[in-house]
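The structure appears right after this line, and notes come after that.
The values are calculated or read from the model by the stated rules, or taken from the named source; none is laboratory data. The structure presented is a predicted model; accordingly, all values stated were derived computationally and were not measured. Cβ atoms come from the backbone with ideal geometry, glycine included; neighbour counts cover every protein chain shown. Heavy atoms of the whole protein, side chains included, go into the accessibility calculation; ligands, DNA and RNA do not. Shrake-Rupley method; radii C 1.70, N 1.55, O 1.52, S 1.80 Å.
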Amino acid sequence: MQQLPLNKKKFKIQWFNVINNLILIIMAFLCLYPFIYILSLSLSSGLAINRGSVSLYPIGVTFVNFKVIINNPMFMRSLFNSIILTVVGVLWTTGMTVIMAYPMSKPIKGGKVVSTMVLITMLFSAGLIPNYIWINTLKLTNTFFALWLPSAVNVFNLLLVRAFFRELPKELEDAARIDGCDGFQMFVKIVIP
């Protein structure tokens, strides 16, 4: 059996790749460390936490901390609030953005003025105090609507959706009109899906 000659090329270290990978590993560790630390704290005993001896790995592993949190009645209420705020907020924001973007994508009289006014709100926002005064005037403090109403339309998302609607072929809407769709049916059955 004949042995093939080995390729005698020297292995050259590419220092850029080595340094780049080291920097990326350090950055990944720095990004993950807070999560690892919180997980270590949650699994450690109260004595180890109070002494300050917990760093990267848990000391005196216990699940009592999780039991205390789950048995707290405010935990379930907070979890419920988070789910409601997220689900309704996403549906509300998406719905309002789509409803506003569709007419803006059509060539209508005064459309450029409306687009300019919307764009100005993206560049210059009122700020926190005027938003609070507005919510307080509407008597919406301490309600979910105080979180949903100010974020009803995100201007950047509005511009993206409007650009998407403008790219839809006009023939698609013409075919829907010939089939008997009115504007609302066309919006719901043709444009949205």
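Residues that are closer than 16 Å to Ala163 by Cα and either small (Gly, Ala, Ser) or free of Cβ contacts under 8 Å to residues at least 40 places away in the same chain (or both) within region 78-105 comprise Thr94, Ile99, Ala101, Pro103, Ser105, listed in sequence order. Screening region 101-193 for helices (runs of 4 or more DSSP H) wholly inside it with 3 or more residues that are at pLDDT below 85 and over 26 Å from Leu91 (Cβ atoms) returns the ranges 170-178.
Conditions (1) over 21 Å from the mean Cα position of the chain (by Cα); (2) open to solvent by 60 Å² or more (accessible area, probe 1.4 Å), marked per residue:
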position: Pro107; (1), (2): yes, yes
position: Val113; (1), (2): yes, yes
position: Asn131; (1), (2): yes, yes
position: Asn154; (1), (2): no, yes
position: Gly180; (1), (2): yes, no
